[in-house]
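Student: Below is the structure I would like to discuss, written out as structure tokens.
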Amino acid sequence: MKIRNPRTGQFDYDLTTDSVEQVAAKAASLRLAQSDWRSKAFHDRIAIIVQLAEQMEAHQESLIEQLSIDTGRKHLSAVEFHAGLGLIRGRCASATHIMKEPETRASLSNPTVNIKQQWVPYDLVGVISPWNFPLLLCLIDAIPALIAGSAVLLKPSEVTPRFMDILEQCIYNVPELNKVATLVRGGAEVGRSVVDQVDVICFTGSVRTGHIIAKRTAERFIPAFLELGGKDPAIVMEDADLDVAVAAIMRSGFGASGQACQSLERVYVHHAVYDPFIEKLTAKAQDVSTNHDYSKGGNLGPLIFAGQSATIESQLKDAIAKGALIKSGGQIENHQGGLWLKPTIVTQVTHEMEIMTEETFGPVIGVMSYETIQEAIRLANDSIYGLSASVFSKDTAKAVEVAKSINAGGISINDGSLTNQVFDAEKNSFGKSGLYGSRMGADGLLRFFRKKAILIQTAAPVSIDTQAELA
Ligand code: NAD
């Protein structure tokens, strides 16, 4: 496959993809190694996994460099790298408290029976990840699965594959990990092969692909943990600190050029503070510049995937045709082949426009005013998605009450996208934003176990005669 460079638009990287047979062979080898891995003491597994973080540190420069070419962003690649290290070390540290099989105990429903629980990890977990944070999103489910005792087959996105060589080298340098963690390369076809080989799938990506995977995993009768797209709303209440709201919405909506699942893409502002809010947000947005020429500075990176820029453009066209107003940005710029979009604020929007209903995955925010909080909640919930949301108010208790009415898995109060900083709070996606289990918190580790009940009778068994009498 020829891979595009997001800063130049050049197809300057050759990706050698795995064949269906190669994926099958790698899966078979992982299965063989998994029984050894699973029978290791939990602390021994942790000690091995932590070595991956050490290897990544030893390869820090090249890993960040390749990630920067993949995504076209230097600063965020370093941030992503450190988040990856934090994830490995944090997950390993927290697992010690979480991964404790319960003590044997008497049943409450039948006190003569003692319950011993055994947690049995899935043998082989498949991880399929997207291009927006290529390293972090391939590790985020793989690390807990490995801690649990599963082997993992990883297929990162073909859009951003350059970092894989370095990550593979890091894994290779930890021989015991190398036996149970393997990368495969390629696009949809290789993804399908992964789904066909594993015992459970962890998929992060679009709703469209999520549907395809949900169908195939249903046919195969295996679970699929799906982490999909969003159209995250923010509600700015009448008593909100507008400077706080604007700062948070700027970071959450435009950071990473909006290429994050938990980006804020819709904002509902109380009519009494709508004008000053728009004024402040527009002023800040117009201050942001693109970094297409590093020698001139600038803070916003390119659109990574050319296909996404077509989606953004078509949503903006649809909105303008239906009467929306562009307050800032709005024009995709081509600089030496790379594509950039300045922070784009769209007003006079309605829920008849794609820009308020479909995921944009770019630095674009639609802003509407509302009269009553009930109306704001109704608008926030008028979506097929339910990933995350934000509420802004100086009265935290009031904001929390509003948050309770919003159909989304993670709600930030007086901030945006806190779910990408807090890994220890369980959350489930609502609507089409995902399916099954929580990637975060204790469940993010425990969902890789099948829980077995070993039931020990301590009294004389009921005889067949007695049973017959009871019948
Ligand atoms: P995508 O669905 O196009 O691709 C994701 C992955 O699936 C890639 O590795 C791709 O090769 C693979 N794939 C494609 N077709 C497949 C098939 N038929 N079978 C198996 N695998 C297949 O998504 P994308 O464009 O890479 O990523 C952007 C999307 O990811 C956005 O919708 C974004 O919101 C979502 N996302 C969600 C989260 C989350 O945690 N909820 C995080 C990041 C991104």
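The values are calculated or read from the model by the stated rules, or taken from the named source; none is laboratory data. Fair warning: this is a prediction, and the values are worked out from it, not measured in the lab. Positions of Cβ are generated from backbone atoms using ideal geometry, with glycine treated the same way; all protein chains shown enter the neighbour counts. Quick note on the areas: whole protein, heavy atoms, side chains included, nothing else; ligands and nucleic acids left out. Shrake-Rupley method; radii C 1.70, N 1.55, O 1.52, S 1.80 Å.
Student: Return one whole number: the accessible area per residue of the chain in Å², for a 1.4 Å probe.
Tutor: Accessible area per residue: 43 Å².
Student: Can you give the percent of C-alpha pairs in the range 252-311 whose distance is more than 17 Å?
Tutor: Value for the range 252-311 (Cα pairs over 17 Å): 54 percent.
Student: Counting only residues 5 or more places away or on other chains, whose amide H sits under 5 Å from the amide H of L154 once H atoms are built in the peptide plane?
Tutor: Placed amide hydrogens put V127, T182, L183, V184 under 5 Å from L154.
Student: With +1 on each Lys and Arg Cβ and -1 on each Asp and Glu Cβ, how big is the dipole of the chain about its Cα centre, in debye rounded to the nearest 20?
Tutor: Result for the chain is approximately 660 debye, rounded to the nearest 20.
Student: Angle between the Cα long axis of helix 20-39 and the longest principal axis of the chain, 0 to 90 degrees, nearest 10?
Tutor: Between helix and principal axis, roughly 60 degrees.
Student: Here's another thing I want to ask about it. To the nearest whole percent, what portion of all C-alpha pairs in the range 188-294 is separated by more than 20 angstrom?
Tutor: Tail of the P(r) past 20 Å holds 56 percent of the pairs.
Student: Could you please tell me the mean projected area of the C-alpha convex hull for the range 35-174, averaged over all directions and given in square nanometres to one decimal?
Tutor: 9.6 nm²
Student: Along the principal axes of its C-alpha atoms, what lengths does the range 127-207 span, in descending order and rounded to whole Å?
Tutor: Here the spans come out as 34, 27, 19 Å, largest first.
Student: Shape call for the chain from the C-alpha gyration tensor, a ≥ b ≥ c root eigenvalues: rounded (a/c under 1.5), prolate (a/b greater than b/c) or oblate?
Tutor: In terms of gyration-tensor shape, oblate.
Student: To continue, here is another question. Can you give me the angle between helix 60-71 and the longest principal axis of the chain, using Cα atoms only, in degrees from 0 to 90, rounded to the nearest 10?
Tutor: Once rounded, one gets 60 degrees.
Student: Still on this structure, please answer the following. Just the ratio, please: alpha-carbon radius of gyration of the range 1-73 over 2.2 N^0.38 Å, N its number of residues.
Tutor: In units of the globular-protein estimate, the range 1-73 measures up at 1.57.
Student: Also, quick follow-up: Give me the compactness ratio for the range 251-403, meaning the Cα radius of gyration over 2.2 N^0.38 Å.
Tutor: With N residues counted in the range 251-403, Rg over 2.2 N^0.38 Å equals 1.05.
Student: What angle, in degrees between 0 and 90 and rounded to the nearest 10, separates the Cα long axis of helix 74-98 from the longest principal axis of the Cα atoms of the chain?
Tutor: The helix 74-98 is inclined about 30 degrees to the chain.
Student: Same structure again: When only C-alpha pairs under 8 Å and at least 6 residues apart count, what is the relative contact order of the range 1-125, in percent?
Tutor: 22 percent
Student: For every helix of n ≥ 4 consecutive DSSP H residues, a contribution of -39,500 (n - 2.57) applies; sum these over the chain, divide by its total residues, and give [θ] at 222 nm rounded to the nearest 500 deg cm²/dmol.
Tutor: Value at 222 nm, helices only, nearest 500: -13000 deg cm²/dmol.
Student: 5 Å is the cut-off here: which amide hydrogens, built 1.01 Å from N in the peptide plane, fall below it relative to L264, excluding neighbours closer than 5 in sequence?
Tutor: Sorted by chain and number, the residues that satisfy this are G253.
Student: Additional query: Just going by the charge dipole of the chain, with Lys and Arg at +1 and Asp and Glu at -1 on Cβ, which of Y172, S295, W131 is farthest out on the positive end?
Tutor: Value computed over the given set: Y172.
Student: Highest first, please rank the peptides 289-296, 85-92 by the mean number of other Cβ atoms sitting within 10 Å of their residues.
Tutor: 85-92, 289-296
Student: Could you state the per residue volume, in Å³, of the convex hull enclosing the Cα atoms of the range 48-98?
Tutor: 66 Å³
Student: Carbon and sulfur: what percent of the range 119-229's accessible surface (1.4 Å probe)?
Tutor: On the range 119-229, the fraction of accessible area on carbon and sulfur atoms equals 55 percent.
Student: Which order do peptides 177-185, 48-56, 148-156 fall in by mean Cβ count within 10 Å, highest first?
Tutor: 148-156, 177-185, 48-56
Student: Quick one: 3J(HN,Hα) in Hz for the range 390-402, Karplus 6.51/-1.76/1.60 with θ = phi - 60°, rounded, Gly and Pro as x.
Tutor: Whole-Hz 3J(HN,Hα) from phi for the range 390-402: 9, 10, 10, 6, 6, 9, 4, 4, 5, 5, 5, 4, 5.
Student: In addition: Once the other residues with Cβ under 15 Å from the Cβ of D239 are scored (Lys, Arg +1; Asp, Glu -1), what is the net sum?
Tutor: Combined, the nearby Lys, Arg, Asp and Glu give -3.
Student: Another question about this same structure. Rank-order 208-215, 358-365 by packing density, defined as the average count of other C-beta atoms within 10 Å over each peptide's residues, highest first.
Tutor: 358-365, 208-215
Student: Using only the heavy atoms of the protein chains and a 1.4 Å probe, how would C170, C261 rank by accessible area, largest first?
Tutor: Correct descending sequence by accessible area is C261, C170.
Student: When only C-alpha pairs under 8 Å and at least 6 residues apart count, what is the relative contact order of the range 74-202, in percent?
Tutor: Averaging sequence separation for qualifying contacts and normalising by length gives 25 percent for the range 74-202.
Student: Further, regarding this structure: Taking every pair of Cα atoms in the range 334-471, average 1/r, invert it to obtain the Kirkwood radius, and report Rg/Rh to two decimals.
Tutor: Rounded to two decimals, Rg over Rh is 1.26.
Student: What is the distance in Å between the Cα centres of the range 254-315 and the range 1-69?
Tutor: So the two Cα centres are separated by 32 Å.
Student: Once amide H atoms are placed 1.01 Å from N in the peptide plane, what residues at a sequence separation of 5 or more from L339, or on another chain, have their amide H within under 5 Å of its amide H?
Tutor: Residues meeting the criterion, in which the H sits 1.01 Å from N, are L303.
Student: To continue, here is another question. How much of the calculated P(r) for the range 304-372 lies past 18 Å, in percent of all Cα pairs?
Tutor: 33 percent
Student: Choose one of G90, L183, A399: the residue whose Cα lies farthest towards the positive end of the charge dipole of the chain (beta-carbon charges +1 Lys, Arg; -1 Asp, Glu; about the Cα centre).
Tutor: The residue sitting most towards the positive pole is L183.
Student: Which of the lysines could a cross-linker span from K215 if the Cα-Cα distance has to be under 26 Å and same-chain partners fewer than 8 positions apart are dropped?
Tutor: K26, K155, K231, K427, K432, K451
Student: Using the Karplus curve 6.51 cos²θ - 1.76 cosθ + 1.60 with θ = phi - 60°, what ³J(HN,Hα) values do you get for each residue of the range 139-148, in whole Hz, with x for Gly and Pro?
Tutor: 8, 4, 9, 5, 5, x, 5, 5, 4, 5
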